[in-house]
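Below is one structure, written out as C-alpha cells, with a few remarks after it.
The values are calculated or read from the model by the stated rules, or taken from the named source; none is laboratory data. Bear in mind the structure is a predicted one, so any value in this text is a computation, not a measurement. Positions of Cβ are backbone-derived with ideal geometry, glycine not excepted, and every protein chain shown enters the neighbour counts.
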Amino acid sequence: MAKKIIAPAQSVNGTVALPGDKSISHRYAMLAAIAEGTSTLSNYAEAADCQSTLDCLKRLGIHVESVRERATNGSGANLLRIAGAGLHGLRRSRRGLDAGNSGTTMRLMAGVLAGQEFESTITGDKSLRRRPMKRVIEPLSKMGAEIRAEEGGVAPLQIRGTQLHGMEYEPATPSAQVKSCVLLAGLFAEGETTVVEKIRTRDHTELALEQFGVEVERGERSVSVRGGAELRGCNLQVPGDLSSAVFFIAAALILPDSSLALRDVGLNPTRTAILDVLAELGASISLVSVHESGGELVGDIGVRSSSLEGGVIGGAQVAQLIDELPMLAALAPFTEKGIEIRDAGELRVKESDRIAALAENLRRMGATVEECEDGLRIAGKSAGRLHGAEIEPRGDHRIAMAFSIAALGTEGQSTIRDAECAAVSFPAFFDTLASVTERD
Ligand code: S3P
C-alpha cells in the first residue's frame, strides 16, 4: 500500500480545478441509462465510486463511451456518452454487480434493480459489505421487491425485481441515499411514490429527474414521483465537488498568507451548510459568479487564511454536512476554542467508523480528543501545536485527505498510510495539493 509523506507548508495559493461532484455523477449516469436516447455528461467524476456505478450499468447492458474533452481551464475533463436503454431496457447481468467502496452505488442501484423483471446480485468491497442496507431493504420490500441480504442486513444483496407499487415512506434516518433509492424504485412502480423527510437532505435526485423530463412534485418536506414516466436523454455538466473543495478551503484557512480560488463548484443549498458553519467560525470565504446549470447552482469560491473561533456543531445541520465533518474535526486543533461535534452517530457507519478514525489520528498528531457515541470534542490551539505523525486512514478517502491537510500545519512531517484510497472520490488529490502548496 502506497504511503504519502506530507511535509508542513507555508501557505497554499492559486487556483484549484475540482473533480466532478460524486453524488451528482452517480445520479446522472443512472438516469441516463434508463432514459430514451443518448445523454452526454460533461465533467463526470473520475472518482472510483462513480466508475463503480458505470461498471454496474455496463453489466446491465448499457453502452458507455468515454472521451476526453478540453475544459475551459485547459485541463482534460471527462465526457461520457451514455446510450439510454429506456425504462425497461436494462438486461440481466450473468455476473454479479460490484459497487466497490460506494454506498451510493449500492443503495441507489438497489432502487433501480428492484423494478426490473430479472434478479440481480450486488456486492461491494470489505468496507461496503459491513455497511447497513436494511435502510433500503425495508422500503423496497414494502414496495413489493424481494431482497435477500447477509445476516445483519448487509451485502451481498440478491434483488428479485418485480412489479412494484407506490407508497409513502418516511426514512428513520435522514439519508439522501435512501430517499433516492425509493424515488428511483418509484419510477418503475404503479401509482405515486412519496418520500417524507424530517430533515431535508441533498436534493440532486429530484433536480436530475426534472432535467430528464420527469415531473417531480415537491412539498416542504416531501417529494413524489409517478411510475411509468418516460425519461428523455439530455446533455448535462457535472459541477465541481464541494465536498472535495472543502479540503482545499481548510488548507487555505489554517495556513498563513494563503489565498485560493476554486472554480465551478456545486453550490446546491442542500450541500452548502459547511460554508455557513465555516463562516460562523470566522472563515473568510466569498462566492462569485453564482449561476444555475442543469438545475444546480454553481459558482466560484474564494478563500483566505482566517482566524477560526471554534464552537459546537450538532442538530439538524449535521445531516447536511455529514461528509465534511472529517475535515472539520481535523481542523479543530487549529481553532481558538476547539470544536465539538454532536448528533453525528451516522459517521460510525460510513466508509470507516469515522468517529473512531478521527479520534485515533487526531491523538496520533497530539490533539486532545474526547470521543462519544455520536461525536467528538476536540481541543483548540491552547492544547498545544500538533506534530507530524503516521496516519492510518482505515481505507477511508475522507480520513486520508483530512489528515493530509492537517499535516500541512503541524510541526514535522507526517506519513499517510494507504494514501491511494483518496482516489475513491478524488484521484488527483495529491497532485492538486502539490500544485498549490508553497514551502520555503
Ligand atoms: C450521499 C448521501 C450521503 C453522503 C454520501 C453521498 C448521496 O449519505 O454521506 O457520501 O450521494 O446521496 P447518506 O444518504 O447515508 O446520508
Notebook entry, point to check: Taking the stretch 96-140, which residues are within 12 Å of Gly153 (Cβ to Cβ), within 11 Å of the ligand (Cβ to nearest atom) and not in a loop (DSSP other than H, G, I, E, B)?
Noted result: Arg135, Val136
Margin query: So, in the stretch 1-38, how many residues would count as being more than 15 Å from the chain's Cα centre (by Cα) and assigned to a strand (DSSP E or B)?
Written below: 12
Notebook entry, point to check: Out of (1) touching an Asp or Glu at 6+ places or on another chain (Cβ under 9 Å); (2) at pLDDT 95 or above, what's the single condition that is false for Arg91?
Noted result: (1)
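Which helices (runs of 4 or more DSSP H) does the stretch 260-331 wholly contain that include 1 or more residues that are surrounded by fewer than 22 Cβ atoms within 10 Å (Cβ to Cβ)? Explain how you work it out, then say what you get.
Working: elements: 273-281, 317-320, 325-331.
Ranges flagged: 273-281, 317-320.
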Notebook entry, point to check: Of the conditions (1) away from the ligand (no atom under 14 Å from the Cβ); (2) at pLDDT 95 or above, Thr162 fails just one. Which one is it?
Noted result: (2)
Next item on the list: Please identify the pairs in which a residue from the stretch 261-287 that is in contact (Cβ under 8 Å) with a residue 60 or more places away in the chain has its Cβ atom under 6 Å from the Cβ atom of a residue that is surrounded by 15 or more Cβ atoms within 10 Å (Cβ to Cβ) and part of a helix (DSSP H, G or I), counting only partners at least 6 apart or on another chain.
Entry: Leu262/Ala245; Val265/Leu242; Val265/Ala245; Gly266/Leu242; Arg271/Leu242
Note to self: Please go through the stretch 143-159 and give me each residue that is of a type in the set (A, V, I, L, M) and either assigned to a strand (DSSP E or B) or within 16 Å of the ligand (Cβ to nearest atom) (or both), ordered by number.
What the structure shows: Ile147, Ala149, Val154, Ala155, Leu157, Ile159
Next item on the list: Give the number of residues within the stretch 184-198 that are surrounded by 22 or more Cβ atoms within 10 Å (Cβ to Cβ), within 16 Å of the ligand (Cβ to nearest atom) and in a strand (DSSP E or B).
Entry: 1
Check: For Cys181, all conditions in the list (1) on the phi < 0 side of the Ramachandran plot; (2) surrounded by fewer than 23 Cβ atoms within 10 Å (Cβ to Cβ) hold save one; what is the number of the exception?
Finding: (2)
Notebook entry, point to check: Across the stretch 205-235, what is the number of residues that are within 16 Å of the ligand (Cβ to nearest atom), in a helix (DSSP H, G or I) and surrounded by fewer than 24 Cβ atoms within 10 Å (Cβ to Cβ)?
Noted result: 2
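Looking only at residues that are among the β-branched types (Val, Ile, Thr) and over 21 Å from the mean Cα position of the chain (by Cα) in the stretch 224-268, which one is nearest to Ala33 (Cα to Cα)? Walk me through how you get there before you give the answer.
Looking only at the stretch 224-268, we keep the residues that are among the β-branched types (Val, Ile, Thr), and these are 225, 238, 246, 249, 254, 265.
From what is left, the residues that are over 21 Å from the mean Cα position of the chain (by Cα) are 225, 254.
Values: Val225: 18, Ile254: 43 Å.
For the stretch 224-268, the residue satisfying everything is Val225.
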Next item on the list: Report yes if Leu347 is crowded, with 23+ Cβ neighbours inside 10 Å and either under 18 Å from the mean Cα position of the chain (by Cα) or closer than 14 Å to Ile5 by Cα (or both), otherwise no.
Entry: yes
Note to self: Can you list residue pairs whose Cβ atoms sit under 6 Å apart, with the first residue in the stretch 310-322 being within 18 Å of Ala383 (Cβ to Cβ) and the second being surrounded by 15 or more Cβ atoms within 10 Å (Cβ to Cβ) and modelled with pLDDT of 95 or more? Count only pairs 6 or more apart in sequence or on different chains.
What the structure shows: Gly310/Thr335; Gly310/Lys337; Gly310/Gly338; Gly310/Ile339; Gly310/Gly380; Val312/Glu340
